[in-house]
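Each reported figure results from applying straightforward, stated rules to the coordinates on display, with no laboratory input. Everything quoted here is computed from the prediction, not taken from an experiment. Cβ coordinates were reconstructed from backbone atoms using ideal geometry, including for glycine residues, and neighbour counts include every protein chain displayed.
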Amino acid sequence: MLQTMLKDESGVALLIAMSLVLVISSMALAIVAVSVTEKGITQNERAASQSLYRADAAVEVAKQQMATFSQAKMESLRGVWPGTGPIITDPVHFFPGDGLAFNDEDLHLNVTTTFTFVDSQLVSTSQTFNFHYRSVAQGTGVLGGEKNVISEGNLRLSASRGSFADFLIFTDIHLTPSGSAIWFYTSGRFDGRVHSNDKLRFAQFPTFEDLVTCVPTRASYYNNGNPRDLAADRNGNIDVPNFYGGFTRGVDRIDLPSNSFSQERAALGLSAVDTTAIPLATKKTMLGLDPADPNPIPTGIYLPHSGTAITGGIYIVGNTTNFRMSLDASGFQQYQMTDQGGTTKRIVLDKIHSRTKVYQGTDSTIYAGLPRGIAYVAGSITNLGGNARVSGTPPPAIEDDTKLTIAATGDIIVDRDISYEHFDGSDCVLGLYSAAGNVRITTTAPSNLLLDAYVIATGDHGAFQVDNYDRGTYRGQVHLRGGCVQRYYGAFGTFDSRGNQTGYGRDFRYDRRGMAPPYYPLTSVFRVDSPVPHPSSWREV
């Protein structure tokens, strides 16, 4: 009986074992099937991702390709540009008709980019050309598969015209007006851009904290009194200037402005973009005089207006004396000057109510609006400055948000401090521009003169200089905060081996607040900006 029961149970066990084997086998087969399926899916996903990555990489290649092509062609066109009109004369055909293509068989990617010209903006300070681009890219992975991507966006090509306010020191001819050589010595420290169209000269260890450039490919080094010209940044260990911003030789020449017609037009209420001479009849019309009268414009101080509102800047005919800038009791900017005939006017800018008050003797007139930031003098200015010092401190001459350029056809002679109400954190800026003369510091100017201004002198022997610089006693430093552009390098003082000094020393510091005076002369050089594509859409197709 017992033996029979054991035989029956062994049969059941065998059946159970066989069933388990079948179940396990089925599970194993299922797992293998799933693994094979998942592996296939993973491989397909990898192939798809790899293809998409390569297509996207082709789009990035296209962006670099269009930027490189654009900049090279813009530079080429700028090199033959006559100086007027658009740099790109035919923007519709700027790019090849079939676009720009790139194909790399090893990387299994290709892309073609086509362009459509949109528009352009041409102003006196810049030229901008806008294009729409469309890149069609394809990528193929090593495991097969293909992905296509379309990317569209905007490409902006531009060239910017610099301002002479970009420079701390600029010379057209790096000599004094008398022809003496100018050397940058160890004592010199310059914290702004320095440029010359002429050869620069260095002695020992002067320091330059910004870029230094010159047109010649060689510079002169003092070499212990035996100067030598070198196409190098130093002369061994003898003359080793500190060029922290670099020293680039062989750059393009930057011509000084040839006239001040732009500033004159601005003062009359005309467009400052036009730099051509102004007919006498047009000047008289803008000044409210009879345009049919052939006689010269009478000397005087004019504010072009419509009868009730200011339409231009300050326009002065004839030499001007005692040109004073200050803040009145209410804190408003005011200018006072005397014309060649002896008439004195005081002009007050009420910026709160946007009106201008003009005082002459006991008479006064109020105009709506404020004058443009330009005072143009067809003649020379003597005794320019702020009010006299009070207990040794110069009162502010330029109110916090005043922006002004004073342009004269003749000399501009500074006899007092010219200081901003506040330098840091303010928007005030002043430019002094002598178009056919010099900017001079007269013998009656105070010691340690403070001058907050950009200065430019472009006469045939134009220079920023000190009268009688080689006589009398030492008068301290001229503390300039701004920049200085001149045809020749003006003399400020002298010194000898015994420590004797005359005139002034230079303490020139560049105004790094990033502002240029209004209507300040622009350079003749347009520089091509780096093109940057701006994608607006990306899609897989």
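The table that follows gives values for the structure above.
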item: Pairwise label distance in nanometres, Asp328 with Ala436, each label 7 Å out on the Cα-Cβ vector; result: 3.4 nm
item: Size of electric dipole in the stretch 261-520: Cβ of Lys, Arg +1 and of Asp, Glu -1, about Cα centre, debye, nearest 20; result: 180 debye
item: Prolate/oblate/rounded call for the stretch 182-249, Cα gyration tensor, a/c under 1.5 rounded; result: oblate
item: Charge-dipole axis of the chain as Lys and Arg at +1 and Asp and Glu at -1 on Cβ define it, positive-most pick from Ile316, Gly79, Ala281; result: Ile316
item: Extreme residue, positive dipole direction of the chain, given options Ser524, Pro298, Thr494 (C-beta unit charges); result: Thr494
item: Taking N as its residue count, the alpha carbon Rg of the stretch 317-375 over 2.2 N^0.38 Å; result: 1.12
item: For the stretch 394-464, diffusion coefficient by Stokes-Einstein and Kirkwood Rh (Cα), 10 °C, 1.306 mPa s, µm²/s; result: 126 µm²/s
item: Inter-label distance, nm, simple model (7 Å from Cα along the C-beta direction), Ala72/Asn154; result: 2.7 nm
item: Acute angle (nearest 10 degrees) that the helix 2-80 long axis makes with the longest principal axis of the chain, alpha-carbon atoms; result: 20 degrees
item: Positive-end extreme of charge dipole, the stretch 182-249 - chosen from Gly192, Phe247, Leu211 (charges on Cβ); result: Phe247
item: Global geometry of the stretch 400-533, whether rounded, prolate or oblate, following the gyration tensor of its Cα atoms and the 1.5 cut on a/c; result: prolate
item: Segments 428-434, 212-218 sorted - mean Cβ within 10 Å per residue, highest first; result: 428-434, 212-218
item: Globularity index of the stretch 261-520, i.e. its alpha-carbon radius of gyration over 2.2 N^0.38 Å; result: 1.01
item: Viscosity 1.306 mPa s, temperature 10 °C, Stokes-Einstein D of the stretch 170-299 from Kirkwood C-alpha radius, µm²/s; result: 89 µm²/s
item: Total charge dipole magnitude, the chain, about the Cα centre, Cβ charges on Lys, Arg, Asp, Glu only, Debye to nearest 20; result: 1080 debye
item: Tail beyond 15 Å, pair distance distribution of the stretch 441-510 (Cα, percent); result: 53 percent
item: Highest to lowest packing among 78-84, 410-416, scored as the average C-beta count within 10 Å; result: 410-416, 78-84
